[in-house]
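The values are calculated or read from the model by the stated rules, or taken from the named source; none is laboratory data. Bear in mind the structure is a predicted one, so any value in this text is a computation, not a measurement. Using ideal geometry, Cβ is built from the backbone for each residue, glycine included, and neighbour counts are taken over all protein chains shown. Quick note on the areas: whole protein, heavy atoms, side chains included, nothing else; ligands and nucleic acids left out. Shrake-Rupley method; radii C 1.70, N 1.55, O 1.52, S 1.80 Å.
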Amino acid sequence: MTEAATDLSAVRRDLAVQSIDTPSWAYGNSGTRFKVFAQAGVPRDPWEKIADAAVVHRLTGAAPTVSLHIPWDRVDDYAELAKYAAEQGVGIGAVNANVFQDDDYKLGSVTNPDPRVRRKATDALLACIDVMDATGSRDLKLWFADGTNYPGQDSMRARQDRLAEALREVYDRLGADQRILLEYKLFEPAFYHTDVPDWGTSYAHCLELGPRATVCIDTGHHAPGTNIEFIVAFLVRAGRLGAFDFNSRFYADDDLMVGAADPFQLFRIMNEIVEAGVHTPDSGIAYMLDQCHNIEAKIPAIIRSVMNVQEATAKALLLDRDALAAARAAGDVLGANEVLMDAYATDVRPLLREVRSEQGLDPDPLGAYRRSGHQERIEAERVGGTQAGWGA
Ligand code: LRH
Ligand code: MN
């Protein structure tokens, strides 16, 4: 068994400090182009989203921040919102810019052929840094829907020039302790080319910008069959892995609960993270969820997601690193794989229950949520008003 070879107190300590950022938009209504199914009790404003995120943290002890999306979370006073979050026991995490929903952005935002539209988009990105100044957030997450649908539609090289110009202006506006998380995505909503389609393009722009530009890996944004843990290993080695947008998928950008579609892939990713010793908050990597709970209750789905990341991390922490190193050094292919599979096959739920108890938490966060009556309460209280959603 792996536990014998591993310092369990260190494992417990690392699990107790694990911190996963939850996305404000996952608490709101979401769906597909076919249908957005509204759910009772869904938040009507950023305050209620933060209140729900605080419940997740109170029950898991591992979700101390909530990331915002602008303008979905637009308020008059962001400092007041951050103060409210602190009163609820959470902090404001990454600030997500949204330059993908305005009519002007049909042919692109910062890559648009029209300089007026590029100016508008760049100003929207700069405005998000003002929000970060008010909330005390470190990370500006940039995802661009920009791309084309038909060959010939626009110059892909010229669009890269426009992108680089906008990113430069944004980078130069960052405060000393702020940074960019540049997220890539293979396709959708663009279906011929996307201007930041893969980790290499993001990484290249980050190198061009400077040390406070890092790559955000959204686990749902790759071609089927992509070895994501290789991308993780590469970017960690290069010191340019800034963040994860965790979710899972069977086909495309399904945004399902992380670990639900492919728990073994999540384990392999966390194994690279633990092997590099960057699994704790001081690593500077932001571990975030980016999910849409289209048909399932949102708060328990996010609690389950946090638990899935905890379980994958615990398995990776229990892996017998010495035995793995020895097998690798000996060229023992099967031996090395067996050590890894042994860790993956380890039932870490009892250990996580103990770690939660040691933190004074209910060992069963999902059961605790069901017993809390919070779901019934918000469904009874949150009547009227406009439920939060993507507003698409
Ligand atoms: C794009 C994306 C991005 C967010 C959005 C909610 O698919 O992953 O991270 O802005 O989802
Ligand atoms: Mn994402």
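In this simple spin-label approximation, Ala16 and Lys106 carry label points 7 Å from Cα along the Cα→Cβ vector, and these lie 5.8 nm apart. Note: relative contact order over region 250-360, using C-alpha pairs below 8 Å and six or more positions apart, is 28 percent.
Note on Ser9 and Phe191: the extension gain reaches 60.6 nm, defined as 0.36 nm multiplied by sequence separation minus the Cα-Cα distance. Assuming R0 = 56 Å, what is the FRET efficiency of Asp123 and Asp347, from their Cβ-Cβ distance, to the nearest 0.05? E(calc), rounded to 0.05, equals 0.60. Counting only DSSP beta bridges with both residues in region 1-118, the antiparallel share comes to about 10 percent.
Straightening the chain between Asp130 and Glu338 buys 69.9 nm, computed as 0.36 nm per residue apart minus the Cα-Cα spacing. Here the dipole of the chain is about 320 debye; that uses its Cα centre as origin and unit charges on the Cβ of Lys and Arg (positive) and Asp and Glu (negative).
For Ala204 and Ala238, compute 0.36 nm times the residue count separating them, minus their Cα-Cα distance, and round to one decimal in nm.
Full extension from Ala204 to Ala238 adds 11.1 nm.
Only helices enter the 222 nm calculation for the chain: every DSSP H run of n ≥ 4 contributes -39,500 (n - 2.57), and dividing by all residues gives -14000 deg cm²/dmol, rounded to 500.
3J(HN,Hα) along region 18-24, derived from phi through the Karplus expression 6.51 cos²θ - 1.76 cosθ + 1.60 where θ = phi - 60°, amounts to 4, 9, 10, 7, 9, x, 4 Hz, with x in place of Gly and Pro. Restricting to DSSP loop positions (anything but H, G, I, E, B) with no more than 13 other Cβ atoms inside 10 Å of their own Cβ, which chymotrypsin sites (Phe, Trp or Tyr not before Pro) remain in region 105-196? Sites meeting the loop and neighbour criteria: Phe191.
Mean separation of Cα pairs under 8 Å and 6 or more residues apart, divided by the residue count, gives the chain a relative contact order of 22 percent. Taken about its Cα centre, region 86-174 carries a charge dipole of roughly 280 debye when the Cβ of each Lys and Arg holds +1 and the Cβ of each Asp and Glu holds -1. Rolled with a 1.4 Å probe across the full set of protein chains, the surface gives Arg304 an accessible area near 70 Å². Which is farthest toward the positive dipole end of region 82-157 among Phe144, Ala82, Val99, measuring Cα position about the Cα centre, with Cβ charges +1 (Lys, Arg) and -1 (Asp, Glu)? Final value for the positive-end residue is Phe144.
Give the shape of the chain as rounded, prolate or oblate, defined through the alpha-carbon gyration tensor: a ≥ b ≥ c are the square roots of its eigenvalues, a/c under 1.5 means rounded, and otherwise the shape is prolate if a/b is larger than b/c and oblate if not. Note, shape of the chain comes out oblate. Extending 7 Å from Cα along the Cβ direction at Tyr150 and again at Asp172 yields two label points whose distance is 3.7 nm.
What ranking do 153-161, 348-356, 328-336 get when scored by the average of other Cβ atoms within 10 Å per residue, highest first?
Packing proxy ranking, top to bottom: 348-356, 153-161, 328-336.
Simple rule: put +1 on each Lys or Arg Cβ and -1 on each Asp or Glu Cβ in the chain, find the dipole, and look at Ala260, Thr226, Ala26; the Cα lying farthest toward the positive end is Ala26.
A straight Cα-to-Cα reach below 20 Å connects Lys120 with the lysines Lys106, Lys141, residues fewer than 8 places away in its own chain not being considered.
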